[in-house]
Amino acid sequence: MKKSILLVLAAVLSLTACKQQEKRYTQQSPEIDTYKKVIEAYDKQDWETMASHYSDTAKIMNNVTEKEAQTLAELVASDKEDASLFSSWEYVDGESEFEMVVTDKGKTYVNFWGLWQGTLAANNKTYTIPTHLTAQFVDGKIVKEFGYWDLSKIMLDMQVMQQAEAAIVKDSIN
């Protein structure tokens, strides 16, 4: 009888503990909805709307370490500069995934995987680049963002165009 009571008590405690546990992984949350708005604003080059979802002290680490982090103002300035080089850009519809995780230490992150596609105005070539972003949220705002992608194809093509331009200038001087 004692064993039966202990088993029932253990089962009840186990079920209660499971019900009280906070959801640590999801693909639906207010933070994900916010990050979708960030991606949409980026696609539309609506820098004001995009920036409204970041804290004023946000650190942005796109392909750099935290020691080299950008401020929000620097992010917007570099995104504007980058946008001027492209005739179009966007994250490809249907190729994006979002998830939210809460770490063991209670930190909330939204992870994003997508395919970025942009057409470089200088050569009219379209590039498709897999991208991963992770944003830490505190009180509904992004406080840290980590971004990872490979720009080598674009950079190599730009280097070739610059070399060709320099050769033309050199030939016109001689």
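The values are calculated or read from the model by the stated rules, or taken from the named source; none is laboratory data. Since the structure is predicted, the reported quantities are computational estimates derived from the model, not experimental observations. Note: ideal-geometry Cβ built from the backbone for every residue, glycine included; neighbour counts use all protein chains shown.
Taking the range 70-91 only, how many residues are more than 21 Å from G140 (Cα to Cα) and either in contact (Cβ under 8 Å) with a residue 60 or more places away in the chain or among the hydrophobic types (A, V, I, L, M, F, W, C) (or both)?
The first filter runs over the range 70-91 and keeps only residues more than 21 Å from G140 (Cα to Cα), leaving 74, 77-91.
After this cut, where a residue has to be either in contact (Cβ under 8 Å) with a residue 60 or more places away in the chain or among the hydrophobic types (A, V, I, L, M, F, W, C) (or both) as well, the list is 77, 83, 85-86, 89.
Matching residues across the range 70-91 total 5.
When both residues are 6+ apart or on different chains and their Cβ atoms are under 6 Å apart, which pairs have a first residue that lies in the range 92-103 and is within 18 Å of Q136 (Cα to Cα), and a second that is part of a loop (DSSP other than H, G, I, E, B) and among the hydroxyl-bearing types (S, T, Y)?
M100/S29
Restricting attention to helices (runs of 4 or more DSSP H) lying wholly within the range 1-51, give those where 3 or more residues are surrounded by 10 or more Cβ atoms within 10 Å (Cβ to Cβ) and either touching a Gly at 6+ places or on another chain (Cβ under 7 Å) or modelled with pLDDT of 60 or more (or both).
Working: elements: 2-20, 30-44, 47-51.
Output list reads 30-44, 47-51.
Can you find a residue that is touching a Lys or Arg at 6+ places or on another chain (Cβ under 7 Å) and among the β-branched types (V, I, T) anywhere in the range 105-113? Walk me through it before giving the result.
Of the range 105-113, the ones touching a Lys or Arg at 6+ places or on another chain (Cβ under 7 Å) are none.
Taking every residue of the range 105-113 in turn, none turns out to be touching a Lys or Arg at 6+ places or on another chain (Cβ under 7 Å) and among the β-branched types (V, I, T).
Please indicate, with yes or no, whether at least one residue in the range 89-106 is of a type in the set (S, T, N, Q), at positive phi, modelled with pLDDT of 95 or more and within 14 Å of the chain's Cα centre (by Cα). Working first, answer last.
As a first pass, look at the range 89-106 and keep what is of a type in the set (S, T, N, Q): 96, 103.
Right, trim to at positive phi and you get none.
No, because not a single residue in the range 89-106 is of a type in the set (S, T, N, Q), at positive phi, modelled with pLDDT of 95 or more and within 14 Å of the chain's Cα centre (by Cα).
Matching residues to (1) among the aliphatic types (A, V, I, L, M); (2) under 28 Å from D33 (Cβ atoms); (3) within 10 Å of the chain's Cα centre (by Cα):
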position: T128; (1), (2), (3): no, yes, no
position: T134; (1), (2), (3): no, yes, yes
position: V138; (1), (2), (3): yes, yes, no
position: I142; (1), (2), (3): yes, yes, no
position: F146; (1), (2), (3): no, yes, yes
position: Q162; (1), (2), (3): no, no, no
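Looking at (1) more than 29 Å from H53 (Cα to Cα); (2) modelled with pLDDT of 95 or more, which is the only condition G140 fails?
Single failed check for G140: (1).
Kindly check whether there is at least one residue in the range 149-165 that is crowded, with 17+ Cβ neighbours inside 10 Å, of a type outside the set (S, T, N, Q) and touching a strand residue (DSSP E or B) at 6+ places or on another chain (Cβ under 8 Å). Break it down into steps so the answer makes sense when it comes.
Let us first name the residues in the range 149-165 that are crowded, with 17+ Cβ neighbours inside 10 Å, namely 154.
Checking the rest, the ones that are also of a type outside the set (S, T, N, Q) come to 154.
Right, trim to touching a strand residue (DSSP E or B) at 6+ places or on another chain (Cβ under 8 Å) and you get 154.
The answer is yes; a qualifying residue exists.
Out of the range 71-110, which residues are in contact with a strand residue (DSSP E or B) (Cβ under 8 Å, 6 or more places away or on another chain) and among the basic types (K, R)?
Just the residues of the range 71-110 that are in contact with a strand residue (DSSP E or B) (Cβ under 8 Å, 6 or more places away or on another chain), to begin with: 71-72, 74-75, 78, 83, 85-92, 95-103, 107-110.
The answer is K107, and nothing else.
Under the condition of being of a type in the set (K, R) and within 12 Å of the chain's Cα centre (by Cα), which residue from the range 31-75 is nearest to D150 (Cα to Cα)? Even if it seems obvious, please write down each step before you answer.
Going through the range 31-75, the residues of a type in the set (K, R) turn out to be 36-37, 44, 59, 67.
Among the residues that remain, those that are also within 12 Å of the chain's Cα centre (by Cα) are: 36-37.
Working: K36: 22, K37: 24 Å.
Once the filter is applied, the top-ranked residue is K36.
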